[in-house]
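Contents: one structure, followed by commentary.
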Amino acid sequence: MLIKKPSDIKASQITDRAAYEQRRTFLKAAALAGVGAITSGPAAALVKPAGKGEAVSGIKDSGIGADLTPTEYEHVTGYNNFYEFGTGKSDPARNAHTLHTRPWTVVVDGECEVPGEIGIEDLLKSYTQEERIYRLRCVEAWSMVVPWVGFPLGDLLQRFKPTSQAKYVAFETLVDTEQMPGQKRAVLEWPYREGLRMDEAMHPLTLLATGLYGELLPNQNGAPLRLVVPWKYGFKSIKSIVRISFSRQIPETTWWKYAPKEYGFYSNVNPDVDHPRWSQARERYIGEGLFASKHPTLMFNGYGDQVASLYSGMDLRKFF
Amino acid sequence: MTTNSESWLRFVAKPAVFVACLVPFGLLVKGALDGDLGANPLEHVTHATGDWTLRLLLVTLAMTPLRQLTGSTAWIRLRRMLGLFTFFYATLHFLIWIWLDQELVWGNMVADIAKRPYVTVGFAAWLLLVPLAATSTRGMMRRLGRRWKSLHRAVYAVGVLGVLHYLWLVKADLLEPLIYAGILALLLAVRWRPHLLRLPVRPGRTINVR
């Protein structure tokens, strides 16, 4: 980092105090609105619902990702990695009908003052559901754009009053071999587990999704509640969550534990750090034709302006 | 062989196998023309050509044990065609990688072959198939004589490398590559231990590698 001596800085480069403070207010407002958008756009700007499932009512338009073109609904809901329903990409869409998403309870425990449970209906009612269009980059070097519906994870976490001991947040998917037939085989260790550092979990971009394309999540996409961390590889965004725990220690997470040399705890999208078996420099956009070129992968999946500061000073080759 | 079974082989069995071997290719071409290869078309064509290479390789390797089991030499008459179709799908698989996956960036390809073991063994398997395809004609068989047999034993190595290629590229679910590995192991085992299938041991030809 270049540190300038006072003598190097011209008077014209010094920000006026009023402008500086105004900018702070702006940044705060932007953060509160969920980064990037200060005002809610008109409802007409929402992505057209797919007409395939139950609509989520009263969705607020966050304006986030308005410049992105969502991947077609059939691909978003037909091309999934959700090993609980089989390891093929079309297995989840075919098999996930066995999952019952009502009633559904999420247990919140660990290093917090008021551990407890919360039901999915309560979650849908208590938190304003907003639409956010995010890029989703899979560790397998493909990506899509998904119009999610949900609310910031941080809003839920605060309700349970994490203590100062809470350094990490751990998540677990349901285990039920009847509802999730893929769990009859120990392809991975069940339950599927994921985790975030506390500041990552509280980041305004980190979303708990309840829907996509204006409707409740299809089962194959992780109904009724899943995590979405847009600057990390897709497998970090755990599906069908039943437990959230605050912890002092770094939690063990499924893919990291399965192959620690291939999948790190952080797993931030990074074109400069290859997976040991394939390059991460470029990615294929789902929905493009057979002869389409790959596209360069963006650092932090294009969300670097918002999240890079979380990792300042860290060696991202070591903490991949 | 009677004239009847000879003409059955020539005019029914061989053309039928030929057409059957082209069906997966036809489906891929149709899918490409219709733009109907799914969400990730490149992945689809890569996996399909890879799968058919391995399947046809195993079918090719099954011909000798089938002759021993049934006593019919008709199987051996299909072997060259099956072997050449194996090479056809392997070459498609390789060309798709060069052209659509690596987008003709030669430096990246060389680097990938050097540093990624599953690419290394896949490339080696294809390379080994080249001389086998090139010497598959009757003329080459005659010219090479006994050496032809030794050369074509390389197909066993191709099988092992091909299965390793698959095993080393999957993320977590090893079931499918292990099924291929199991079938390959069986097909190789019966060549060295014919009694595993209770195959009749022919006098003077206990090991039949043709």
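The values are calculated or read from the model by the stated rules, or taken from the named source; none is laboratory data. From a predicted model like this one, the values you see are computed outputs, not experimental measurements. Every residue, glycine among them, receives a Cβ derived from its backbone with ideal geometry; neighbour counts consider all protein chains shown. Note: areas computed on protein heavy atoms with side chains; ligands, DNA, RNA excluded. Shrake-Rupley method; radii C 1.70, N 1.55, O 1.52, S 1.80 Å.
Is segment A:82-103 home to any residue that is assigned to a loop (DSSP other than H, G, I, E, B), acidic (Asp, Glu) and at pLDDT 95 or above?
No, every residue in segment A:82-103 fails to be assigned to a loop (DSSP other than H, G, I, E, B), acidic (Asp, Glu) and at pLDDT 95 or above.
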Output for Cβ contacts, cut-off 9 Å, separation at least six or different chains, first residue more than 12 Å from B:MET81 (Cα to Cα) in segment B:3-16, second open to solvent by less than 100 Å² (accessible area, probe 1.4 Å) and not aromatic (Phe, Trp, Tyr), reads B:SER5/B:SER72; B:SER5/B:ALA74; B:TRP8/B:ALA74; B:LEU9/B:ALA74; B:LEU9/B:ARG77; B:LEU9/B:LEU78; B:ARG10/B:ARG77
Of all residues in segment B:167-181, how many are open to solvent by 40 Å² or more (accessible area, probe 1.4 Å) and either under 17 Å from the mean Cα position of the chain (by Cα) or more than 14 Å from chain A (Cβ to nearest Cβ) (or both)?
4
Do any helices (runs of 4 or more DSSP H) lying entirely in segment B:35-130 carry at least 2 residues that are under 30 Å from B:VAL12 (Cβ atoms), and which ones are they?
B:41-70, B:74-96
Pairs where the first residue, in segment B:34-57, is within 8 Å of chain A (Cβ to nearest Cβ) and the second is among the polar types (S, T, N, Q), C-beta under 9 Å, 6+ apart
B:GLY38/A:SER90; B:ALA39/A:THR71; B:ALA39/A:SER90
Would a scan of segment A:262-279 turn up a residue that is of a type in the set (Gly, Ala, Ser), modelled with pLDDT under 95 and not in a helix (DSSP H, G or I)?
yes
Just one of (1) within 14 Å of chain B (Cβ to nearest Cβ); (2) within 26 Å of B:TRP168 (Cα to Cα) trips up A:GLY287, so point out which.
(2)
Any chance B:LEU66 is more than 23 Å from A:GLY88 (Cβ to Cβ), within 14 Å of chain A (Cβ to nearest Cβ) and free of Cβ contacts under 8 Å to residues at least 60 places away in the same chain:
no
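Open to solvent by 20 Å² or more (accessible area, probe 1.4 Å) and not in a helix (DSSP H, G or I), is that true of A:TRP190? Quick ask: steps written out before the conclusion?
Working: open to solvent by 20 Å² or more (accessible area, probe 1.4 Å): yes; not in a helix (DSSP H, G or I): yes.
Answer is yes for this residue.
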Any idea how many residues of segment A:240-282 are in contact (Cβ under 8 Å) with a residue 24 or more places away in the chain, open to solvent by 60 Å² or more (accessible area, probe 1.4 Å) and within 14 Å of chain B (Cβ to nearest Cβ)?
3
Scan segment B:79-108 for residues that are more than 14 Å from every other protein chain (Cβ to nearest Cβ) and either within 13 Å of the chain's Cα centre (by Cα) or open to solvent by 40 Å² or more (accessible area, probe 1.4 Å) (or both) and report the count.
15
Inside segment B:118-155, can you point out the residues that are aliphatic (A, V, I, L, M) and within 14 Å of another protein chain (Cβ to nearest Cβ)?
B:VAL119, B:VAL121
